[in-house]
Amino acid sequence: MSMEQHLTEEQKKPNVLAFQLALLFAFYNMAMIYVSELMGLGGAKYETASVGIKMLSTALTYVPFIGVIYYVQIKHKADLGGFISFKRAFSAGFKLAAYAGLFIALLTVLYYKVLSPSSMTAVIDAAIQNAGDDPQKLKGVEMMSKYIILFMVFGLAVTFTISGLIISLISAAIVKKENPNPFANQQDPNFG
């Protein structure tokens, strides 16, 4: 790798794009929560939804997630002159996934604590109803209800980060394109 190419790689980082796309995806995710609520499938009612609706919901979450991870990788590859290492492509995708997990977790807190506290109440009410008359289960629901938002937020952050890690590994293997002539100058018409 030439010194100039190395400097170019150091100067061009995917951080801003990964941050922006992660924020955009988090707001998309928030919009999907509202759409689910409008369709009567939000929070507590999700468990009663058909398998087809659950599959559609999963696809509407993960297909765009895969898309933004792949996009940040190919955009960064283009920024680097059409070549990108596996490590660099993975890093770009994983940054997006980690940011997305954080932003989705924060927006979930905002949603359940500020924008729609009644949705959290509905989740807890459904858990109480599922517990039936079992005093042990009712006590468990009562104890968990204070911390359920923390479990949800942690679960979302970890789920998106780990799934993003896996997606980034796979897509980085697809996107990578090592420079066959790393000592060439990018301005050279025979570069690459």
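The values are calculated or read from the model by the stated rules, or taken from the named source; none is laboratory data. Predicted model only: the values in this text are computed from it and were never measured. As a convention, Cβ positions derive from the backbone with ideal geometry for all residues, glycine included, and neighbour counts pool all protein chains shown. Ligands, DNA and RNA are excluded from the accessible area calculation, which covers all protein heavy atoms including side chains. Shrake-Rupley method; radii C 1.70, N 1.55, O 1.52, S 1.80 Å.
Could you check the stretch 133-192 and list, in sequence order, the residues that are within 26 Å of Pro14 (Cβ to Cβ), among the polar types (S, T, N, Q), at pLDDT below 85 and surrounded by 11 or more Cβ atoms within 10 Å (Cβ to Cβ)? Scanning the stretch 133-192 gives Asn179, Asn181, Asn185, Gln186.
Return the total of residues in the stretch 140-149 being in contact with a helix residue (DSSP H, G or I) (Cβ under 9 Å, 6 or more places away or on another chain) and either aromatic (Phe, Trp, Tyr) or free of Cβ contacts under 8 Å to residues at least 40 places away in the same chain (or both). Count: 6. In the stretch 15-45, of all residues being open to solvent by less than 30 Å² (accessible area, probe 1.4 Å) and modelled with pLDDT of 90 or more, the one that is farthest from Val72 (Cα to Cα) corresponds to Met30. Evaluated against (1) open to solvent by less than 90 Å² (accessible area, probe 1.4 Å); (2) more than 25 Å from Leu23 (Cα to Cα); (3) in contact with a Lys or Arg (Cβ under 9 Å, 6 or more places away or on another chain); (4) assigned to a helix (DSSP H, G or I), Gly82 falls short on exactly one condition, (4).
Consider Ile124 against the criteria (1) surrounded by fewer than 17 Cβ atoms within 10 Å (Cβ to Cβ); (2) under 27 Å from Val35 (Cα atoms): it satisfies all of them except one. Which criterion is unmet? With respect to (1) surrounded by fewer than 17 Cβ atoms within 10 Å (Cβ to Cβ); (2) under 27 Å from Val35 (Cα atoms), Ile124 is out only on (1).
Restricting attention to the stretch 46-79, the residues being open to solvent by less than 40 Å² (accessible area, probe 1.4 Å), over 23 Å from Ile167 (Cβ atoms) and not aliphatic (A, V, I, L, M) number 0. Only one of the numbered conditions (1) of a type in the set (Gly, Ala, Ser); (2) modelled with pLDDT under 90; (3) under 30 Å from Leu21 (Cα atoms) is not met by Ala126, and that is (3).
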